[in-house]
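Below is one structure; the comments refer to it alone.
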Amino acid sequence: MLRNGIELDRFVRKIEGIITEDDQQSNYSNLTKEYYDILEKYENHETVDFIFAKLQIKPKDKIQYLNYYCNKINAYARTLYVVLLYIFPFVFVLSALFYIIY
């Protein structure tokens, strides 16, 4: 998953380098193909990866700030959910083992 994040981060920086809208429109199909090529390389990408990649672009106005912070909350909530998904069973198993041993 780390390699996927690195490549997506590199891709975001490449897009940030394209300043004018004309450049973005002329490169749209190439950029879209490159983005999907990165996603297809790795089977373990998730929605949260996309959200974290979007967070690399800093907002420029007030409306974008609202969207940026909503995405940030969403990304951290999803990450917390996944962590808790693994922590509770782990703690349960450890407590059961502790109970059996003692």
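For (1) aromatic (F, W, Y); (2) modelled with pLDDT of 80 or more; (3) out of contact with any strand residue (DSSP E or B) (no Cβ under 8 Å at 6 or more places or on another chain), each residue gets a yes or a no:
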position	(1), (2), (3)
E16	no, no, yes
N30	no, yes, yes
I38	no, no, yes
N44	no, no, yes
Q64	no, yes, yes
Y68	yes, yes, yes
N71	no, yes, yes
A75	no, yes, yes
L80	no, yes, yes
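Yes or no, residue by residue, for (1) in contact with a helix residue (DSSP H, G or I) (Cβ under 6 Å, 6 or more places away or on another chain); (2) in a helix (DSSP H, G or I):
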| site | (1), (2) |
| --- | --- |
| A53 | yes, yes |
| K58 | no, no |
| L66 | no, yes |
| K72 | no, yes |
| A77 | no, yes |
| S95 | no, yes |
| F98 | no, yes |
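Of all residues in region 49-58, those satisfying the criterion of being surrounded by 13 or more Cβ atoms within 10 Å (Cβ to Cβ) and either in contact with a strand residue (DSSP E or B) (Cβ under 8 Å, 6 or more places away or on another chain) or of a type outside the set (G, A, S) (or both) are D49, F50, I51, F52, K54, L55, Q56, I57.
The values are calculated or read from the model by the stated rules, or taken from the named source; none is laboratory data. No experiment lies behind these values; they were computed from the predicted model shown. Cβ coordinates were reconstructed from backbone atoms using ideal geometry, including for glycine residues, and neighbour counts include every protein chain displayed.
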